[in-house]
Amino acid sequence: MLSWRFKEGVVKIGQFLMKIIIVAGIAVLAILTVAFIWPRTASTVFRAFERLMGCLGRRRALAVLVVGMLSIAINAFVTHWAGEAPPHIHDEFANLLAADTFLHGRLANPSPKDWEFFESIHVLVTPVYASKYPPMQGIMLAIGQGLTGHPVVGMWLSVALACAAICWALFAWLPPRWAVLGGLLAVFHPMLLKWGQVYWGGAEAMLGGALVAGAVRYLVKRRQAGYAVALAVGMVILALSRPFEGLVLSLILVGFLLIWLLGNREMLGQAELIQMAVPAAVVLGLWIGWQGYYNMRLTGNPAKLPYMVYEEQYAVAPFFIWQKPRPEPQYRHEYIKRHFVDYAMKEYLAQQSIGGFLKQTAVKIRRLGRDFLGRFYVLLVPLLALPWVVRRRGWPRVGLVAIVIFGLALAQETWMWDRYAAPIGALFFLLVAWGFRHWSLWRCCGKPLGRIVVLLVVAGFLAQSALWIKVRKAELAKKDWEWQRAEIIKKLSSDGRQHLVFVRYPKVQADPSEPSGQSVHNDWVHNGADLISAPVLWVRDMGAEANRKLIQNYQGRVLWLLEAENRYDPPPNEIKPAVLRPYPDGR
């Protein structure tokens, strides 16, 4: 069995590498064809492109502002054209609960009296009622909701700040015009466009990582208090969005900074050191105090994150693949049990052998490769220049080494999605822009092939982004189960009465291969921060006798029973609409 799994893992990695080779081969043929047919035209277009980047690059503040504002405009257009989608996955509902809680002026909500009925994935219901996730995403959603009534605006702002911070950081690592190009690539990148339309986060961690990456390089050039504060603020944002991954990146980059400072001690005076350390220490001290208070309010322990408490209450599979599973708790709902015991545990067990680890690592690499490089791996082309980049000593190697170390740390996690790797976003765009810079200098047979490489890849990248926007609109047009949920809320809320909806799943599906059942990724039972005056409350059906107690505590509400069976990613013609009917013997 070990031998078979090992071979399967190697085959998966080999298939991924073959795809990369095929894509690179096609790209090279296309570039050579264009280069020999239209060399002068390509050179003229490239010079105009270079002048535009250079014009913005001469004004760093203006370039950073343009990148941020352009990001907001693009994301606003996508939302307007494709539509504003309701939350779909558990993470989105949990983050929206955090936003609603903050808008009510609270860090957490009191635990419901009958909390068993309100249990949800990624949501604490005891000792308090709150999201398990770090608060940064909820804060940004609350800003969007508070300012405009639309939480998605908070996502526009998060992505815009991340793109602007990436541009600012790249000015410290690259010549100005290439820093501008890196910032613009972030604006149009499909992954960041997606983060601007959904509620599960990613942009906040990318913002924090960009501030850390930029500040470290700026501090090497100029030991100024402002850059030290930017470094501390970036670390705080990482701690409030992706604590583990943020800690890993901070240790790597700050470690490189300390090594450089120790090797250049004669350049750093005591007064200069104090000038940098004191404001940074103040920022970090304020965060430590606030984080301790936040933890105390939610968990009763200033050193214990809400995430940790939730995992202790529900999770069996550990966060890292080398940890031992937790004892199975006593679940009160089959849906929640199958999510943690079947789906989550399956992911963990699949990585407990060498072959299984290799296979799942290949899956993770392919997933992150598709997210960062694009659907057609367009941004792989500039990265092919990395062997020439790393030949240079010093800081050009730091970005690549940091990404490799960061990747090794991420490989220890049981699960892997694009937002997990968000902190290295600035370093990724750094390597891409560096690759473009080296390609632009390449000539072959007296022809500027490198310039044509840059133009074709940028054009292909923009086409890929346009395709993502089109696909996004097509996906939203399908009106999956979350749209039905939103319509039910809208309809029930319009009559001026309060409603209580018992949700029942005839069968739960934890595996896409199962023919039917409610997917463990599609759950109707999510609520806002106010469980008293909310027009519609969603609760789990626990049987007639147990339900009777809850009904007594929520007298005056109209009672409903909803039966749902939303499969895991079903074809459109197989989606079974949920059935909503009056609760038996209800009012």
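Among the residues in the stretch 308-316, are any touching a His at 6+ places or on another chain (Cβ under 8 Å), at pLDDT 95 or above and either more than 22 Å from Ala169 (Cβ to Cβ) or of a type outside the set (Ser, Thr, Tyr) (or both)? Looking for residues that are touching a His at 6+ places or on another chain (Cβ under 8 Å), at pLDDT 95 or above and either more than 22 Å from Ala169 (Cβ to Cβ) or of a type outside the set (Ser, Thr, Tyr) (or both), one finds at least one in the stretch 308-316, hence yes. The criterion of being under 27 Å from Thr79 (Cα atoms) and not basic (Lys, Arg) does not hold for Val453. Take Pro243 and tell me if it is under 30 Å from Ala411 (Cα atoms) and surrounded by 12 or more Cβ atoms within 10 Å (Cβ to Cβ). Answer is yes for this residue.
The set of residues from the stretch 111-125 being part of a loop (DSSP other than H, G, I, E, B), at pLDDT 95 or above and not acidic (Asp, Glu) comprises Ser111, Ile121, His122, Val125.
Is it the case that Val404 is at negative phi, in the same structural domain as Trp442 (by TED's automatic domain parsing), without any contact (Cβ under 8 Å) to a residue 12 or more places away in the chain and hydrophobic (A, V, I, L, M, F, W, C)? For Val404, the condition - at negative phi, in the same structural domain as Trp442 (by TED's automatic domain parsing), without any contact (Cβ under 8 Å) to a residue 12 or more places away in the chain and hydrophobic (A, V, I, L, M, F, W, C) - is met. Do you know which of the residues in the stretch 521-557 that are among the β-branched types (Val, Ile, Thr) and modelled with pLDDT under 95 is farthest from Phe502 (Cα to Cα)? Among them, the one singled out is Ile532.
Residue by residue, here is whether (1) in a loop (DSSP other than H, G, I, E, B); (2) in the same structural domain as Asp418 (by TED's automatic domain parsing) holds:
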{"position": "Lys324", "(1), (2)": "yes, no"}
{"position": "Pro327", "(1), (2)": "yes, no"}
{"position": "Gln330", "(1), (2)": "yes, no"}
{"position": "His339", "(1), (2)": "no, no"}
{"position": "Lys359", "(1), (2)": "no, yes"}
{"position": "Val363", "(1), (2)": "no, yes"}
{"position": "Arg367", "(1), (2)": "no, yes"}
{"position": "Asp371", "(1), (2)": "no, yes"}
{"position": "Phe376", "(1), (2)": "yes, yes"}
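Taking the condition within 11 Å of the chain's Cα centre (by Cα), closer than 24 Å to Gln464 by Cα, in the same structural domain as Gln145 (by TED's automatic domain parsing) and not acidic (Asp, Glu), does Gly183 pass? So Gly183 fails the test.
Of the numbered criteria (1) surrounded by 14 or more Cβ atoms within 10 Å (Cβ to Cβ); (2) part of a helix (DSSP H, G or I); (3) hydrophobic (A, V, I, L, M, F, W, C); (4) modelled with pLDDT of 85 or more, the one Met416 fails is (2). Taking the criterion of being closer than 14 Å to His122 by Cβ and not hydroxyl-bearing (Ser, Thr, Tyr), the residues of the stretch 320-359 that qualify are Ile336, His339, Phe340, Ala344. Before we move on, is Arg177 over 28 Å from His189 (Cβ atoms) and not assigned by TED's automatic domain parsing to the domain that holds Asp523? No: the conditions fail for Arg177. What residue, among those in the stretch 497-540 that are part of a strand (DSSP E or B) and among the basic types (Lys, Arg), is farthest from Tyr583 (Cα to Cα)? The residue in question is Arg540. Restricting the first residue to the stretch 218-239 and requiring it to be not assigned by TED's automatic domain parsing to the domain that holds Leu174, which pairs with a second residue that is crowded, with 22+ Cβ neighbours inside 10 Å and outside any helix (DSSP H, G or I) meet a Cβ separation below 8 Å and a spacing of at least six or different chains? Pairs that qualify, where the first residue is not assigned by TED's automatic domain parsing to the domain that holds Leu174 and the partner is crowded, with 22+ Cβ neighbours inside 10 Å and outside any helix (DSSP H, G or I), are Ala239/Pro134.
The set of residues in the stretch 58-110 being among the small types (Gly, Ala, Ser), at pLDDT 95 or above and more than 16 Å from Leu181 (Cα to Cα) consists of Ala94, Ala98, Ala99, Gly105, Ala108.
The values are calculated or read from the model by the stated rules, or taken from the named source; none is laboratory data. Everything numeric here is computed off the predicted structure, so don't read it as measured data. Cβ atoms come from the backbone with ideal geometry, glycine included; neighbour counts cover every protein chain shown.
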